[in-house]
Structure formats: C-alpha cells, structure tokens
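Please see the structure below; I have some questions.
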Amino acid sequence: MFKFLQEVSDYIQNSFLAGKYIGQGLSVTFDHMSRRPITVQYPYEKLIPSERFRGRIHFEFDKCISCEVCVRVCPINLPVVDWEFDQINKKKKLNHYSIDFGVCIFCGNCVEYCPTNCISFTEEYDICTYDRHELNYDNVAMGRLPYKVTNDPMVTPLRELVYLPKGVFNPHGVPDDAHRSGRLPSEILENDSDNTNT
Ligand code: SF4
Ligand code: SF4
C-alpha cells in the first residue's frame, strides 16, 4: 500500500515538473512574439557591407605591369605573377596572375601598394566552396565584375540593426509603426534627390 502511494506521489510530482517546464518553454516563445526581429533572413536579405569592406579582390589584367610589388608587400608572398620578357617591346608581358583566397588574410597590403591600382577589394564575402582548391582564383576569376548586394534584384539589402529605431538596442515592446534606424537604398536615394532639389 505504501509503495502504491509513493508511486502516485512521484507521478503527481513528475506531472507538475513537466507542466512547469512546458510553461517555461512557452513563456520564452510568447516573449519572442512581442519582439521585433533583428536577424537577417539570409540569403533573401543581406546586410550592406561597409565602404572599406575587404572582400574578394578584383584584378584588372590590362593595368598590371608585372612589377611584383604586390608579392613583396604580401606577408606570405601570395600573389603569383607569371610574366615573361617581351624582346620586341622590351618590357614585361603578363601571362597569368592568381591569388589563393583560401590562404589570403585580406590584409590589404597588395591593394594599398599596387602602383597602378589594378587590384581592389570588392564587397563579395560569400566565396565558400566544397573544395578549397577552387579558392585559388586566376586572373579571369578575379577579373569578374564584383557582386553588389544593392544591385541584386533577388535580395533585399539591409543596413545593420535596420529593424530597430535609432538608439534602441532592446527589441522588446517596440511599436510596429516606429521608424527604423536603417534605411533601404531606395529610401537613401529618395532622400538624397530631395536634398539635391532643395
Ligand atoms: S590581401 Fe594581404 S594576404 Fe592577401 S594577397 Fe594581398 S597582401 Fe597578400
Ligand atoms: S603590384 Fe599591381 S601592377 Fe605590380 S604586379 Fe602586383 S598587381 Fe601587377
């Protein structure tokens, strides 16, 4: 008899605990229902990188003079400048140029010191692959025009913390009609054209 009562007591206790834990889980769910989202729905939405963002390097083949300054200033001598001496024109002729982005640390030395500005940073950051050898970009891959978040019709570009009003960091209790801190590119353009006209 005592054993039976003990089992009933344990059952009631466990049921109470189960209800308590379910309630705790639901309270977190309801808590989040009153927040504004601050997550970015990648890849449908993407943050606009900052102006000095160091993404995939863009290379302009015709402007390169094969001086190899980029190799000398690179902390790991990474750029491969394959050139030969053109006997007729008496100057270096570039054959191939490549940088392995699986090894590059995006320090910017090569971009900074290139005398002809033929290498520049882009805002491309999603250059991941399944095979790390595919990250070794040659001059053709590096010469591809850079991708821009603001030019992609399939993507909604966002600024950081775009969903929250200016100065607000807690997403609780923000009214739906409160003005967002970040502006979409269309709003920026609209505002800039208004200022130009006045
Ligand atoms: S960004 Fe830095 S690490 Fe990468 S190739 Fe240029 S100098 Fe080398
Ligand atoms: S520093 Fe510039 S011009 Fe010189 S080899 Fe490198 S990319 Fe070409």
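Trypsin sites (Lys or Arg not before Pro) within the range 1-101: which are DSSP loop residues with at most 13 other Cβ atoms inside 10 Å?
For trypsin sites (Lys or Arg not before Pro) across the range 1-101 that sit outside H, G, I, E and B with at most 13 neighbouring Cβ atoms in 10 Å, the list reads ARG52, LYS90.
Taking loop as defined by DSSP and a crowding limit of 15 other beta carbons within 10 Å, which chymotrypsin sites (Phe, Trp or Tyr not before Pro) in the range 1-109 fit? Spell out each step's value before the answer.
Details: sites: PHE2, PHE4, TYR11, PHE16, TYR21, PHE30, TYR44, PHE53, PHE59, PHE61, TRP83, PHE85, TYR97, PHE101, PHE106; in loops: TYR44, PHE53, PHE101, PHE106.
Answer by residue number: TYR44, PHE53, PHE106.
Hey, what does the equivalent ellipsoid look like for the range 40-131, semi-axes from the Cα gyration tensor as sqrt of 5 times each eigenvalue, largest first, whole Å? Intermediate values should be presented prior to the final figure.
Values: eigenvalues 179, 35, 32 Å².
The answer is 30, 13, 13 Å, longest axis first.
Right, here's the next one. At 1.4 Å probe size, with every protein chain present, just tell me what the per residue accessible area of the range 57-151 comes to in Å².
Result: 63 Å² of accessible area for each residue.
I need the GluC sites (Glu not before Pro) found in the range 1-110, filtered to DSSP loop residues with at most 16 other beta carbons within 10 Å of theirs.
Working: sites: GLU7, GLU45, GLU51, GLU60, GLU68, GLU84; in loops: GLU51, GLU60, GLU68.
Those satisfying the criteria are GLU51, GLU60, GLU68.
Roughly speaking, what is the centre-to-centre gap between the range 131-149 and the range 39-87 when only Cα atoms are used, to the nearest Å?
One Cα centre to the other: 9 Å.
To the nearest 0.05, what FRET efficiency results for LEU47 and GLU68 with a Förster distance of 35 Å applied to their C-beta separation?
Here the calculated transfer efficiency is 0.45.
Plugging the Kirkwood radius over Cα pairs into Stokes-Einstein for the range 42-85, at a temperature of 4 °C and a viscosity of 1.567 mPa s, what D comes out in µm²/s?
Translational D for this selection: 96 µm²/s.
Lys/Arg Cβ at +1, Asp/Glu Cβ at -1, dipole of the range 13-165 taken about the Cα centre: which of PRO146, GLY25, ASN89 is farthest positive-ward?
Of PRO146, GLY25, ASN89, it is GLY25.
Same structure again: Could you look at the range 57-151 and say what percent of its accessible area is carbon and sulfur, using a 1.4 Å probe and all protein chains?
After summing per-atom areas, the C and S share lands at 53 percent.
Right, next: Kindly identify the range 17-91 as rounded, prolate or oblate by the Cα gyration tensor criterion: order the square roots of the eigenvalues as a ≥ b ≥ c, call it rounded if a/c is under 1.5, otherwise compare a/b with b/c, prolate if a/b is larger, else oblate.
Since a/c reaches 1.5 and a/b is larger than b/c, the shape of the range 17-91 is classed as prolate.
The values are calculated or read from the model by the stated rules, or taken from the named source; none is laboratory data. What you see is a predicted model, and the numbers here were worked out from it, not measured in a lab. Quick reminder, even Gly has a Cβ in these numbers, built from the backbone with ideal geometry, and neighbours come from all protein chains shown. Please note that ligands, DNA and RNA were not included when accessible areas were found on the heavy atoms of the full protein model with its side chains. Shrake-Rupley method; radii C 1.70, N 1.55, O 1.52, S 1.80 Å.
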